[in-house]
Amino acid sequence: MKSRSRFPNRITFFAIAFLIMLAAGAYARPADKKQQKTEPLKDRDNPLMIGKRDINKRSLNFYSLDREIRIGQELAAEVDREAKFITDPVIDEYVNRVGQNIVLRSDAKMPFTIKVIDSPEVNAFALPGGHLYVNSGLLLAADSEAEMAGVLAHEISHVTARHGMEQASKGRLLQYLSIPLIFVGGPVGALVQNAANLLVPMTYLKFSRGAEEEADRLGLQYMWNAGYDPTAMLTFFEKLKRQEGKDPGKLAKVFSTHPATGKRIEKARSLLARFPERGEYTVSTSEFENVKNKLLGLSNQHGLEGGSKAPSLKRNPATKQDGSDSDEPDKSPPTLKRKPDSGNQAPHPLR
């Protein structure tokens, strides 16, 4: 009697085992993604830990908070002497209120002063000690209150994380380390000394990639805590990137000290996916539209005062009821198109 070969059975066995492994992998992958999404947030990334953590614990800083505040006052005095500010009380009060609302829901350990600079450049910057400046051009470039709040939250984060003083500390450390080279003399010593002296003032605003990523992380948390849609900060930075690519000169040096790279935005979106759920967010308000219209009016007024720089407007003649043309301008109020609030729900109240 011939013995039957077991080779085909082995093939069948391995084929079945392979199929079982594929099936197990197909079920395991979604479970892994779900587990990754529900992985507990670290304190530095958790908006529920705002005000209960020390975000400056491991940072390099040679300056006390009091010293930082004094330095910030000195730097702000220079800006105040040189800059031209928006003096409209409605615009100033609104921007200050939105910014202070975010400050109250941040890790800030000092009071903030927020001012609007009358400049068409799309830019904003914060100085050590809680001094925040926003250009009117940035407010006009934003399409919603949440986008404006995103920029404010990002800049507030630079102050709460004390990035300016951290960079100054690095420059000061470089000066200490360069002292032995200064005694060498000659062109090498002079070069190191000049480089060290120039680094300190510039580093108040020029942050590293790590500092920018931290400002993104904190800014998103502060927006969430203040009731704003955090994705608005990312969409605004993406919009500026696209605009800068089309016409780099139009936006001047918009956020040139901290460009929003694609990798930074990707990391921020990954963090947002792990945030606690909220029922609703504030996207925009009627106050934002009113302030933006006021700024547009001021911009047009500045353009008319500038003479040849003002745009030429051509209006169609008004038409009478009988169909004939009239030289009188149309006195009907303009139609304003407002961006609806998220989910057609009432805006989240600012507290």
> So how much slack lies between Val79 and Leu41, counting 0.36 nm per residue of separation and subtracting their Cα-Cα distance, in nm?
Replying inline: 9.8 nm
> Which residues in the stretch 103-147 place their backbone N less than 13 Å from a point set 7 Å from the Cα of Thr235 along the Cα-to-Cβ direction?
Replying inline: 142-147
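If R0 is 35 Å, what FRET efficiency do you get for Ser59 and Asn300 from their C-beta distance, rounded to 0.05?
Details: r = 45 Å, r/R0 = 1.29.
The pair Ser59/Asn300 has a calculated efficiency of 0.20.
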> Once label points are set 7 Å from the Cα along Cα→Cβ at both Asn293 and Ala273, what is their separation, rounded to one decimal in nm?
Replying inline: 4.1 nm
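What do you reckon, how do Lys42, Lys170, Lys52 stack up by accessible area (1.4 Å probe), largest on top?
Numbers: Lys42 130, Lys170 90, Lys52 150 Å².
Listed by decreasing accessible area, they come as Lys52, Lys42, Lys170.
The values are calculated or read from the model by the stated rules, or taken from the named source; none is laboratory data. On a predicted model such as this, the values are computed, not experimentally measured, just so you know. Positions of Cβ are generated from backbone atoms using ideal geometry, with glycine treated the same way; all protein chains shown enter the neighbour counts. Keep in mind that these areas ignore ligands, DNA and RNA; they rest on the heavy atoms of the full protein, side chains included. Shrake-Rupley method; radii C 1.70, N 1.55, O 1.52, S 1.80 Å.
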